[in-house]
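Notes follow the structure.
Here, each number is a calculation from the coordinates, and none is a lab measurement. From a predicted model like this one, the values you see are computed outputs, not experimental measurements. Methodologically, a virtual Cβ is constructed for each residue, glycine included, from the backbone with ideal geometry; neighbour enumeration extends over all protein chains shown.
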Amino acid sequence: MSAPPSDQAVATNHVLRTTKTNWWLRMTVHTLCVLFGQTTATLLGRLYYKKGGKSIWLISLAETVGFPILIPFYLYFKPTTFHHSRDSNPPSIVILSAIYISLGGLQSVASILYSVGLFYLPLSTFSLICTTQLAFNAFFAFFLNAQKLTPLIVNSLVLLTISTVLLVLQSSSEENQVGVLHKRYLSSGFACTVVASALYSLGLSLTQLSFQKVLKGETFTMVLNMIIYQSLVASTVTVVALFVSGQWNDLQRDMADFGLGKVTYLIIISCIAISWQIATIGGVGLIFEVSSLFSNVISTLALPIIPILAVIIFHENMNGMKVIATVLAIWGFASYVYQHYLDESDSRNENDVVDEVSET
């Protein structure tokens with residue numbers, strides 16, 4: 001008969017359960033931030049274009065310029081010290097600057113391309129094409145983050161690819177949708193959205209690589225640093241592009257011609273900026289807690305839902321081909337989720353074995 005667990009073992013188990021509960025709480029908050037922020041920002045972006053807005057650069061800027069609302073959180077968590085997982089010197093200012101500048105520049109280009117895609121494509125088509133970011137993330141995570149390509153993940157990649165191909169094949173039926181005037185613009189929208197999805201996924205994998213190999217931080221302050229400085233760089237790049245393109249002079253007329261009025265114009269742009277920051281907090285938090293691939297999975301969760309909302313809110317067409325593409329996208333996403341469930345179950349079983357050994 002085995003001896004009863006000691007007081008120390010009981011206390012250790014209590015700490016482990018509390019830690020696991022806090023982890024699930026953080027995961028829930030991060031997930032809700034991603035889903036709410038991304039869905040709200042995308043729908044508001046389509047509303048802006050539908051009601052007469054034409055500035056692609058402004059919508060791109062709104063995706064990153066809302067970072068000042070995070071400064072109070074940064075000041076609150078600033079006293080927290082950094083704990084590194086290994087005995088090593090913290091990264092230098094030069095290395096940190098290189099990380100923030102490269103990731104910020106990548107984010108800026110992806111935001112601009114996403115805005116172009118949202119302008120030229122119907123919202124439902126745009127959202128379904130964005131699901132390809134899972135396929136791109138699996139590719140980059142395989143090389144950069146040592147992510148395994150299991151049969152379920154490969155199955156998901158195939159389904160998402162087929163879903164996108166179906167949307168391209170039925171592109172001629174989209175020409176009468178909002179924002180699409182000619183077929184060549186539709187093709188540009190497809191191309192920009194696919195490239196943006198690839199750059200977004202690359203940014204996630206590089207962010208995870210930075211946390212693992214360079215930053216090695218264990219505090220939420222590190223997450224805020226990543227968001228604020230990266231967004232600062234991305235916003236600066238977009239502002240420069242806004243001036244160079246000459247669209248800065250057109251913003252006043254863009255506001256005057258907006259179908260819902262100037263006040264609503266400002267409210268929509270502000271809400272887009274805030275929503276994207278909420279989504280960014282959740283996305284970077286998920287990378288910090290789990291992986292870039294999991295963050296992308298949660299980010300993609302809302303994408304098959306948005307086409308349904310587009311039909312209800314904006315009365316967009318939902319033909320048979322698009323329905324099939326939506327089903328395939330959901331199926332592909334479900335394969336990803338099930339693979340993560342299996343990975344989590346294996347990890348939990350290993351932890352249970354370790355706990356039993358420690359109790360004995």
Worksheet item: Given labels modelled 7 Å from the Cα in the Cβ direction, how far is it in nm from Ala98 to Lys262?
Response: 4.8 nm
Worksheet item: Relative contact order for the range 38-166 using alpha-carbon pairs under 8 Å, separation at least 6, rounded to a whole percent?
Response: 30 percent
Item to complete: Order the peptides 310-321, 109-120 from the highest to the lowest mean number of other Cβ atoms within 10 Å of their residues.
Response: 109-120, 310-321
Fill in: Label-point separation in nm, Leu342 to Asn89, each point 7 Å along Cα→Cβ
4.5 nm
Fill in: Residues in the range 299-340 reached by a label modelled at Lys51 [backbone nitrogen below 14 Å; 7 Å Cα→Cβ]
314
Worksheet item: Peptides 236-245, 22-31, 41-50, 187-196: what's the order by average Cβ count within 10 Å, highest mean first?
Response: 41-50, 187-196, 236-245, 22-31
Practice prompt. Would you mind calculating the gained length between Asn22 and Met321 on full extension (0.36 nm times residue separation, minus the Cα-Cα distance), in nm to one decimal?
Written response: 103.3 nm
